[in-house]
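Below is one structure; the comments refer to it alone.
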Amino acid sequence: MTRAFWTLWKREAGAILLSPIAWVLLTCMALINGFSFSQCVAYLGQGVRELTVMQIYFYIFHFWFLLIILVPILTMRLFSEEYKTGTIEMLLTAPVRDGDVILSKFAGALSFYLLLWIPSLLGLAVFQIVTHNAVPVAWIPLGLSYLMVTLVGMLYLSIGLFTSVLSKNQAVSAMLSFTIIALLFFTGFLSYLVRDPGWREVLTYIFTLEQMRSFSAGQFDSRPVVFYLSGTVFFLCLTQRVMANRTLKG
Amino acid sequence: MIRVENLTKKYAGGEAVRGISFSVEKGEVVGFLGPNGAGKSTTMRILTGFLPATDGQIEVAGAKLPEESLLVRQRIGYMPENVPLYPEMRVEEFLEYRGRLKRVARKDITERVGLVLDQCGLSDVRKKIIATLSKGFRQRVGLADALIHNPPLLILDEPTAGLDPHQIRSFRELIKDLGRDRTILLSTHILSEVEMVCGRAIIINRGKIEASDTLANLAKRVQSGALQIEVKADPVGAREKLAKLSEVGGVVELNRVGEWVSFEVTALPGKDIRGEVDGLIKRENWPLRDFRREKARLEDVFVELTQE
Ligand SMILES: Nc1ncnc2c1ncn2[C@@H]1O[C@H](COP(=O)(O)OP(=O)(O)O)[C@@H](O)[C@H]1O
Ligand SMILES: [Mg+2]
């Protein structure tokens, strides 16, 4: 990575951490994680045997709901704010490549996103300590779960980055990315309804919740990995295309 | 340093710059002058590689745009209109950040930052958060940013806009100082600024260049100014004699005080009538108690060139 990238990344991460929204998000995430976790434990307490705590945890719905709202809030300011205040002009008249700017913004948001997941790991650690490691940690499902969380986050963040280069207005950017991400997320549920096996196959590509379930059970599948990565690259390239024009609508 | 040929920029709303050509040589301090909406900022944004041009050949600091945009950006210091800055950063931290982006060598950064802080009078506020700075200081931070990598060419878009008279004065001094060993292109809609700081002006209006010349030559374009004299003479006769002089364009009687009468004598374009009028007064033996030349004002040139 170039020196420009690291310099830009540092400023992006700093800007996120210095914004009040960051702390609101961190708090919400910690609360929801805690709540999900206590529900998992309660669920297990009822004598469920066939699911591990990881599986229940990642299958609980409000956790995903939070993700769909969180990403647009995190990404809406990335470009919109720079265009609104004019700092984009200062930024892009320094000898930096557009690619470095896009990647550093993406990486900055992704770093913060990953930071948001640390409380959930802590919850898990506490669970292990309290139960005196009654069930040893299953490292592979654990790793796969967080891989999935990262991949989904990358795609959603790249969508948010793209919509933030579409408008100077942060609210507009957030609404756009929320719409796209929500569509993407809920379209997967159609596979419950569709009978045609061909369509079903297509839908499993984007059925995040199902993919999460198999990953958290330790079953690796390369298709979602390819899907999320290529989706991310696609939206990052789209961002660069739009950015080349330099001017944004209100 | 800057060579522009047939530069055109079309926005969705229409043409902002219509086929302009001009050049700026090394060491010059050039004023880019025009009323609001003339296309100054658009041109500067193109010169700094921010906006793509619709058409035209551009060479800035020895590199071609848009092909060598990175090279151009490395060699110029640009201060955008309204000086956008990151509000959450501290002054020093911001300049370090900008220095790194502009590829100042790692070991030189601290020194460069200290130097530009000093140069721009920012040493006292180096630890302050940019959001808390006054407009005058923000402007200085913008200039310090433009200077951080010691570029040979400075492009400043309305650098004194929004400052109070004291700040304007010190800012102009600063720019004058910088002009000693750098090439500067600065835009403004204030004439006196060009008169004070620049050696040459490029006047732009509605996307077209109306004139590009040294200030002295520009002033000659309209008239060498009017002469005000006050003599003791017969008002009607004196007026006729003055009007008959070959280089005089017009004579207006201003007022009479007792036997004294004052006139405003205007010259034909490009003429200096001081000698002729003085000769007449001597020949006629008119007692004289006022002889003043109103300096030809650049303002007149500007208004003339940019009116409808
Ligand atoms: N991003 C833009 N989109 C459309 N029109 C623009 C844009 N920026 C400037 N213009 C128009 O181009 C013309 C020149 O603007 P500008 O270069 O900012 O003038 P100046 O800096 O001389 O005041 C104006 O009529 C302005 O409305
Ligand atoms: Mg302007």
Problem - Exercise: per-residue mean of other protein chain Cβ atoms within 10 Å, B:67-79 - result: 2
Handout entry: Rounded tilt (10° steps) of B:135-147 against the dominant C-alpha axis of chain B
Key = 70
Handout entry: Span from the the stretch B:73-142 Cα centroid across to the the stretch B:163-222 one, whole angstrom
Key = 24
Exercise for the section: Using DSSP to define loop residues, name the GluC sites (Glu not before Pro) in the stretch B:41-74 whose beta-carbon has at most 15 other beta-carbon atoms within 10 Å. Expected result: B:GLU67
Exercise for the section: Enumerate lysine pairs in the stretch A:3-249 that are 8 or more residues apart or on different chains, then count those whose Cα atoms are under 14 Å apart. Expected result: 4
Practice task
May I ask you to compute the full-extension gain from A:GLN219 to A:THR179, defined as 0.36 nm times their residue separation minus their alpha-carbon distance, rounded to one decimal in nm?
Solution key: 11.4 nm
Completion exercise
With only helices counted (DSSP H, runs n ≥ 4, each -39500 (n - 2.57)), the per-residue ellipticity at 222 nm for chain B, to the nearest 500, works out to -10500 deg cm²/dmol
Practice task
Please name which of A:THR150, A:THR75, A:MET29 has its Cα lying farthest along the dipole of chain A towards the positive end, using unit charges on Cβ (Lys, Arg +1; Asp, Glu -1) and the Cα centre as origin.
Solution key: A:THR75
Practice task
DSSP loop (so not H, G, I, E, B), at most 11 other Cβ within 10 Å: list which trypsin sites (Lys or Arg not before Pro) in the stretch B:172-220 pass both filters.
Solution key: B:ARG180
Exercise for the section: Please give the helix B:235-244 orientation as an angle from the longest Cα principal axis of chain B, in degrees from 0 to 90, rounded to the nearest 10. Expected result: 60
Handout entry: Along each principal axis, Cα extent of chain B, largest first, Å
Key = 78, 45, 33
Practice task
Calculate, for A:TRP64 and A:THR2, the FRET efficiency according to 1/(1 + (r/R0)^6) with r their C-beta to C-beta distance and R0 45 Å; round to the nearest 0.05.
Solution key: 0.80
Handout entry: Cα-based helix-to-principal-axis angle, A:222-243 vs chain A, degrees rounded to 10
Key = 20
Completion exercise
Under the 7 Å Cα-to-Cβ spin-label approximation, A:VAL202 and B:ARG3 lie apart by a distance in nanometres of 5.6
Practice task
Assign one of three labels to the protein assembly as shown, namely rounded, prolate or oblate, based on the Cα gyration tensor with a ≥ b ≥ c the square roots of its eigenvalues; rounded applies when a/c is under 1.5, prolate when it is not and a/b is larger than b/c, and oblate otherwise.
Solution key: prolate
Handout entry: Cα centroid separation, the stretch B:245-296 to the stretch A:131-175 (Å)
Key = 83
Fill in the blank from the handout: For the pair A:ILE140 and A:THR85, the simple spin-label estimate (label points 7 Å beyond Cα toward Cβ) gives in nm 4.9
Handout entry: Exposed trypsin sites (Lys or Arg not before Pro) absent - longest run of chain A, DSSP non-H/G/I/E/B, at most 12 other C-beta within 10 Å
Key = A:50-194
Exercise for the section: Add +1 for every Lys or Arg and -1 for every Asp or Glu among the other residues with Cβ under 10 Å from the Cβ of B:ILE273, and state the total. Expected result: -1
Handout entry: Cleavage-rule hits, chymotrypsin sites (Phe, Trp or Tyr not before Pro), the stretch A:125-206, DSSP coil, Cβ neighbours within 10 Å at most 12
Key = none
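Where a number appears in this text, it was derived from the coordinates with a stated rule and is not lab data. As the structure is a prediction and not an experimental result, all values here were calculated from the model. All Cβ positions, glycine included, derive from the backbone under ideal geometry; neighbour counts span all protein chains shown.
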